[in-house]
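Here is the structure we will look at, set down as structure tokens.
The values are calculated or read from the model by the stated rules, or taken from the named source; none is laboratory data. Small disclaimer: the values here were computed from a predicted structure and weren't measured. Here Cβ is always computed from backbone atoms with ideal geometry, including for glycine, and neighbour counts include all displayed protein chains.
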Amino acid sequence: MEFRSFFKNCPHCGSDNFVENNEKSKLCQACGFTFYMNASAAVAAFITNNEGKLLVCKRAKEPAKGTFDLPGGFVDNNETAEEAIIRELKEELDAEITSVKYVFSLPNNYLYSGLTIPTLDLFFECKLKNYEQLKAADDVAGFQFIAKNELNPADFGLNSIKKAIEKFIGRSL
């Protein structure tokens, strides 16, 4: 559900006179508060092993539970995208990162708790200190390395990740 339908009352004063202002904001006609739904920042990592196979994770939670994903997550307040990808890889795989290189970004819509959240997903190429000591944790049910020619974008549950995999297959990182 989009935020314009999700939020019925003004979060500032509680009035039900909370109306659509434009495609990304609502305005309270009682107190004048304007609420904007801007994109949240998220990060994802392309990690290849020495054989050139891509690390893919299996999602442990909704949305798209059980589908493939790239490791990553949301950027926290007061955190850079680079700090976020390093933190997320530590949380999800207990990975130690030796290098982080920005590759590209894609817009996405992320359904969470019944609300569709627009995101801007930032993709990074990451190198790890050790590939043998990885372990699935947090919201990762498992992981594996898959050869580029065996990747199928349809196996990935989130739209931006599907598109990123298509780009990955079509170019070398």
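Structural remarks
- Residue tally, condition in a loop (DSSP other than H, G, I, E, B), under 16 Å from Asn49 (Cα atoms) and in contact (Cβ under 8 Å) with a residue 40 or more places away in the chain, over region 132-158: 4
- Restricting region 76-115 to residues that are of a type in the set (Ser, Thr, Tyr) and surrounded by fewer than 15 Cβ atoms within 10 Å (Cβ to Cβ) leaves a set whose member that is nearest to Leu158 (Cα to Cα) is Tyr112.
- For Phe18, the conditions (1) within 20 Å of Thr116 (Cβ to Cβ); (2) buried (at least 16 other Cβ atoms within 10 Å of the Cβ); (3) in the same structural domain as Phe123 (by TED's automatic domain parsing) all hold with the exception of (3).
- Of the strands (runs of 3 or more DSSP E) lying entirely inside region 28-118, those containing at least 2 residues that are among the aliphatic types (A, V, I, L, M) span 40-46, 54-59, 97-112.
- Looking only at residues of region 30-51 that are of a type outside the set (Asp, Glu) and surrounded by fewer than 12 Cβ atoms within 10 Å (Cβ to Cβ), we find that the one that is modelled with the highest pLDDT is Gly32.
- Pairs are defined by a Cβ separation below 8 Å, a sequence spacing of at least 6 or placement on different chains, a first member in region 80-109 that is outside the structural domain of Arg59 (by TED's automatic domain parsing), and a second member that is outside any strand (DSSP E or B) and among the acidic types (Asp, Glu); no pair meets this definition.
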